[in-house]
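Each remark here refers to the structure printed beneath this line.
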Amino acid sequence: MSIRRSAISAAIIAAAAVGLVGCTTTGSVHMDGSRSELYDSVQGISADSSLVAAVEVTGQEVLAASSDRDIPYTLSTVSLISTFAPTGLARELPEGVTATAAKPGNQIVVRQMGTAEMETPAPILKTGEKYLLFLTPSMLEGEAASQYYVTGGSAGVFEAPDDVASRGSDLAFTHGPYDEGDTLPETLTIKDLAP
């Protein structure tokens, strides 16, 4: 699967979510919507991802809604603990995105629609927490070109144990439960993430 298809999928998801922001009767803002593709296997989500990594969230910034953007975005700076290459991982990176940026020890920025205060279909990453993320380059312009989206919203977010860096073959990542309709395994192990 090409990066172009992944970028088109990300754009469709972003456009759908922009049109689906609203308020509840309690006054809290929430987002609701449906995705163009649901995942039922590691190979499927890997094919739409360019990077799979265990990360720690080291900082966050919220970009408030503006005249050209109806919803806010959360930008999470994450430190890469380890990277994986599961079977089917998209190998192509878009122009301007280098593989060196995706090496353990480096930092990248993950871009998510919404904020922690909003009810969002996909979980907003939390500072200080560790995750396994399936990621797709943003395909945006300027400074945002080096940022990543989580593949498939909640589908691409697995919780990592605190001692992820020191774990060996018993390392396991936990998914959800989320209710967007994906049927991915509840737990992924190192074996599941092997090429």
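The values are calculated or read from the model by the stated rules, or taken from the named source; none is laboratory data. What you are looking at is a predicted structure, and each value in this text was computed from that prediction instead of being measured. Neighbour counts run over all protein chains shown; Cβ positions are idealised from the backbone, glycine included. Accessible surface is based on the protein model in full, side chains and every heavy atom, while ligands, DNA and RNA are left aside. Shrake-Rupley method; radii C 1.70, N 1.55, O 1.52, S 1.80 Å.
The table below gives the values:
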{"item": "Residue 62 being open to solvent by 60 Å² or more (accessible area, probe 1.4 Å), out of contact with any Leu (no Cβ under 6 Å at 6 or more places or on another chain) and modelled with pLDDT of 85 or more", "result": "yes"}
{"item": "Odd one out for residue 89, checked against (1) more than 15 Å from the chain's Cα centre (by Cα); (2) modelled with pLDDT of 85 or more", "result": "(1)"}
{"item": "Candidate set from the range 65-84 (those that are among the small types (Gly, Ala, Ser) and modelled with pLDDT of 90 or more); member that is nearest to the chain's Cα centre (by Cα)", "result": "76"}
{"item": "The one condition in (1) farther than 13 Å from residue 53 by Cβ; (2) touching a residue at least 40 places away in the same chain (Cβ under 8 Å) that residue 193 fails to fulfil", "result": "(1)"}
{"item": "Listing of strands (runs of 3 or more DSSP E) fully contained in the range 140-195 that carry 3 or more residues being open to solvent by less than 60 Å² (accessible area, probe 1.4 Å)", "result": "148-150, 172-175"}
{"item": "Odd one out for residue 105, checked against (1) open to solvent by less than 80 Å² (accessible area, probe 1.4 Å); (2) on the phi < 0 side of the Ramachandran plot", "result": "(2)"}
{"item": "Odd one out for residue 181, checked against (1) within 21 Å of residue 50 (Cα to Cα); (2) small (Gly, Ala, Ser); (3) touching a Leu at 6+ places or on another chain (Cβ under 7 Å)", "result": "(1)"}
{"item": "Residue in the range 126-138 that is in contact with a His (Cβ under 9 Å, 6 or more places away or on another chain), assigned to a loop (DSSP other than H, G, I, E, B), open to solvent by 20 Å² or more (accessible area, probe 1.4 Å) and not hydroxyl-bearing (Ser, Thr, Tyr) present", "result": "no"}
{"item": "Residues of the range 42-85 that turn out to be touching a residue at least 40 places away in the same chain (Cβ under 8 Å), among the hydrophobic types (A, V, I, L, M, F, W, C) and either out of contact with any helix residue (DSSP H, G or I) (no Cβ under 7 Å at 6 or more places or on another chain) or assigned to a strand (DSSP E or B) (or both), as a count", "result": "13"}
